[in-house]
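Notes follow the structure.
The values are calculated or read from the model by the stated rules, or taken from the named source; none is laboratory data. All figures in this text were calculated on a predicted structure; none of them were measured in a lab. Positions of Cβ are backbone-derived with ideal geometry, glycine not excepted, and every protein chain shown enters the neighbour counts. Just so you know, the surface numbers come from the protein's heavy atoms only, side chains and all, with ligands and any DNA or RNA stripped out. Shrake-Rupley method; radii C 1.70, N 1.55, O 1.52, S 1.80 Å.
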Amino acid sequence: MSILFYENTKTFHLCNQEISYIMTVLPNGHMGQLYFGKRVHQREDYSYLYETAPRPMASYVFEGDYSLSLEHVRQEYGVYGTTDFRRPAIEILQSNGSRLCDFQYQRHEIMKGKPSLSGLPATYTEKDEEAETLRVLLEDALTGVTVELLYTIFAKGGILARSAKITNKGADSVHLTAAMSLCMDLPDCNYEWLQFSGAWARERHLKVRKLEQGIQAVDSRRGHSSHEHNPFIVLKRPETCENQGEAIGFSLIYSGNFLAQAEVDTHDTTRVLMGIHPMGFDWKLDVRESFQTPEAVMVYSERGLNGMSQTFHRLYQKRLARGYWRDRARPILNNNWEATYFDFTEDRLVEIARKAKECGVELFVLDDGWFGERSSDHAGLGDWAANPKRLSGGITGFAERIEELGMKFGLWFEPEMVNKDSELYRKHPDWILSAPGRNVSHGRNQYVLDFSRTEVVDCIYGMMAKILREAKVSYIKWDMNRSITECYSAALPPERQGEVFHRYILGVYHLYERLNTEFPQVLFESCASGGGRFDPGILYYAPQGWASDDSDAVERLKIQYGTSFCYPISSIGSHVSVTPNHQVFRNTPLHTRANVAYFGTFGYELDLNKLEKEEQESVKEQIAFMKEYRQVLQFGTFYRLASPFEGNITCWMTVSENRTEAIVGWYRTLSHVNMPYMRVRLQGLDPEACYEDQETKKRYFGDELMNIGLVTSDATCGQMDGNTGECCDFDSRLYVFKAV
């Protein structure tokens, strides 16, 4: 790993064993992009990669000189209006009404390790030798505004982390109306674009299409990263598959409004932009004030999509997630929500918890309905104190009862929201986001608290911290059940209303940080009506997230498959729920529900008392299995083998770090008649090792399983299940291999 600067050619070369990133200072002082991809030899002069040619209708920077049009060169942080007509990385409204900028290279600094970003989540290092960082200072001489471009290259993996810090060193205030975290110009457009989109209950479905001239993008303007689109995209070569070929992943470590965009010009150059969505964004920079963009992470892989994903998994699992739970296997839990909804008593909850403990569950979670006057979604949000009619001893007493059973206790909060029917709203009606003179929209009968205001965050922190100090709470499920509308803060002047969306997210981060600091051993799980804020920003504070409110095993195949392209398996909240499922009303076998949920944090979303005796015994076996293998399931190297977006079969696997254990999940959605013989090629095994199937005791060499494949033919397909007498739709199997 090294960052080199060649003074004679003003060229930077960032490289490790896998990648090279090369850029240079252009003749006009702007930063130009030369190369990003597989590692190449170091040399002083890469000027042959800087190509120019006179083109009709082009505009040129220097009078009488037809050699430099910014429209036709690749840049590091492009601006609009001075010969470049593409979407810009930065735009600044000045006091005279102009938006033109001319950011020229001034100096740079190379440092060991990686600096933190003030108030924002970001990847980190534990030792300086893990990474090097380049800081490049650019300045617009007329306004005095500077941009610090940060580039961190890690010692291992094809990873480059990027961000920008904008500072007003001039004499007048300016308005920052666009500030991307990443601007990346690629020399061609021969890529397929992968995005991860959907809606509530069908989050992060893989969508693939070819890049074409014009703009394609995913974004969120909902105040959170959203169910609709994830702040993560991939560009891959058309021939790239899961296990070979070039791919570049772009991920934004942010939880608010975002834009991820690829613009292909009519000369087939591709500009990728990623950062805070510029629509509605207007940040006033007074003299000497700074603005820090969120961090964006680029990962290059020549080992296909699995190689790219595994790099993201290692980085986000070990150098984005933090704290006590980062490296620990997650407790198996039972959540009461789908078992009771709002209809529960304390004794009923203890009855559910007692059966859960009998089956081997380690953590009981009390969901919505325990606080204020909360018996439906119309009241109580914001009043974070236990309802004595429901919990006679409060949270402290109830937590003691759960602990006496031999389990840990977890609790649900929705700290960012309020009902009008609450004491908090009656005392502070101005604490919600709402525009003067305008109708105030609701979602789920609730309103969004103005987390851009310190006093609001302080109030919620006080209520939550009081409970955590007094009660034995080991886990918090942090929910967020509506998007932001009427985004206006009563506490900010008119010229700063364009800051509210971002200030809100900073308030969320601040509350998480305070709670993490005071209660470092509490396990936080993020939730936003399921997967509405499943993003890297929240992963910095909560090492796992509820992947979707849809707990149906068949639907979860697509949700968890899509999620795995960026996010580690240890971050994916996945539970066994009741059947018929409460979202799609589908009946699925108990073993399939567990076989899907194993590849995540694992738990139960039901009342185990209501299962048949044989099913309860199966649950005990499932929990015992998860306890034995959760380290490899949650922290092993994960491979996607067969996609639910392409056929009837889904297959994935995980391999232990030392390659002595492997677990394969195989899932068939619908049963068919007279099917062909089938096999699947495994990945990641030691080719020289002999592996034993733990069920059949048959032995195979690693190279057999990877090159010939695991036989998965199903002679029963199209027949009735001999045990249940039912057709075996939604079937699944687990294969556990151990090296012998």
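A DSSP coil position with no more than 14 other Cβ atoms inside 10 Å describes the following chymotrypsin sites (Phe, Trp or Tyr not before Pro) in segment 578-638: Phe585.
Which whole number of Å³ per residue matches the convex hull of the alpha-carbon atoms in segment 241-391? Display every interim value, and only then the final one.
Working: hull volume 39.4 nm³, N = 151.
Measuring per residue, one finds 261 Å³ for the Cα hull of segment 241-391.
Along the chain, the exposed loop sites are GluC sites (Glu not before Pro) outside DSSP states H, G, I, E and B with at most 13 other Cβ atoms within 10 Å, and the longest stretch free of them is 240-611.
In the context of the full set of protein chains, segment 7-64 has a per residue accessible area of 55 Å² (1.4 Å probe). Across the cross-link table entries Lys38/Lys112; Lys10/Lys112; Lys236/Lys318; Lys114/Lys477, which are compared at the Cα atoms, the separations over 28 Å belong to Lys114/Lys477. Of the chymotrypsin sites (Phe, Trp or Tyr not before Pro) found in segment 202-261, no site is in coil according to DSSP while having at most 10 other Cβ atoms within 10 Å of its Cβ.
Ignoring ligands, DNA and RNA, please state the percent of accessible area on the chain from carbon and sulfur, probe 1.4 Å. Show your work: numbers first, answer last.
Details: 13580 of 28240 Å².
The computed percentage sits at 48.
Projecting the Cα atoms of Gly29, Gln622, Pro415 onto the charge dipole of the chain (Cβ charges, centred on the Cα centre) puts Gln622 farthest toward the positive pole.
Based on DSSP H runs of at least 4 residues, each adding -39500 (n - 2.57), what is the mean residue ellipticity at 222 nm of the chain after dividing by all its residues, to the nearest 500 deg cm²/dmol?
Details: 11 runs with 132 residues, N = 740.
So the helix-based figure for the chain works out to -5500 deg cm²/dmol.
Calculate the length of the line joining the C-alpha centroid of segment 413-486 to that of segment 316-385, in whole Å. A separation of 19 Å, based on Cα centres. Counting only alpha carbon atoms, the long axis of helix 500-518 and the longest principal axis of the chain meet at about 50°. Simple point charges give the picture: +1 on the Cβ of Lys and Arg, -1 on the Cβ of Asp and Glu, and for the chain a dipole about the Cα centre of about 500 debye. Only protein heavy atoms count here; under a 1.4 Å probe, Ile708 has an accessible surface of about 90 Å². When you restrict to C-alpha pairs under 8 Å that are six or more residues apart and normalise by the size of the chain, the relative contact order lands at 10 percent. The distance from the alpha carbon centre of segment 600-641 to that of segment 548-597 is 12 Å, rounded to a whole number.
Once the Kirkwood radius over Cα pairs is known for the chain, the Stokes-Einstein relation at 37 °C and 0.692 mPa s delivers a diffusion coefficient of 120 µm²/s.
Once C-alpha pairs closer than 8 Å and six or more residues apart are averaged by separation and normalised to the residue number of segment 142-222, the relative contact order reads 20 percent. The chymotrypsin sites (Phe, Trp or Tyr not before Pro) found in segment 654-703 that occupy coil by DSSP, while having at most 16 further C-beta atoms within 10 Å, are Tyr677. The alpha carbons of segment 155-250 give a radius of gyration and a Dmax of 16.9, 54 Å, in that order.
Taking the Cα centre of segment 1-96 as origin, work out the dipole magnitude from +1 charges on Lys and Arg Cβ and -1 charges on Asp and Glu Cβ, in debye rounded to 20. Please report the intermediate quantities before stating the final value.
Numbers: 8 positive and 11 negative charges, 64 e Å.
My answer is approximately 300 debye.
For Arg348 and Arg496, what does the FRET efficiency come to when R0 = 45 Å and r is the distance between their Cβ atoms, rounded to the nearest 0.05? It would help to have the intermediate numbers written out before the result.
Numbers: r = 49 Å, r/R0 = 1.09.
The pair Arg348/Arg496 has a calculated efficiency of 0.35.
Just how many % of Cα pairs in segment 309-412 lie over 25 Å apart, if you round to the nearest whole percent?
Counting pairs separated by more than 25 Å, the tail of P(r) holds 33 percent.
Helix 394-404 and the longest principal axis of the Cα set of the chain meet at an angle near 60°. Tell me the angle of helix 613-635 to the major Cα principal axis of the chain, expressed in degrees between 0 and 90 and rounded to the nearest ten. That works out to roughly 30 degrees. Between their Cα atoms, which of Lys627/Lys738; Lys427/Lys466; Lys466/Lys627; Lys558/Lys613; Lys355/Lys738 are more than 23 Å away from each other? Beyond 23 Å between Cα atoms: Lys466/Lys627; Lys558/Lys613; Lys355/Lys738.
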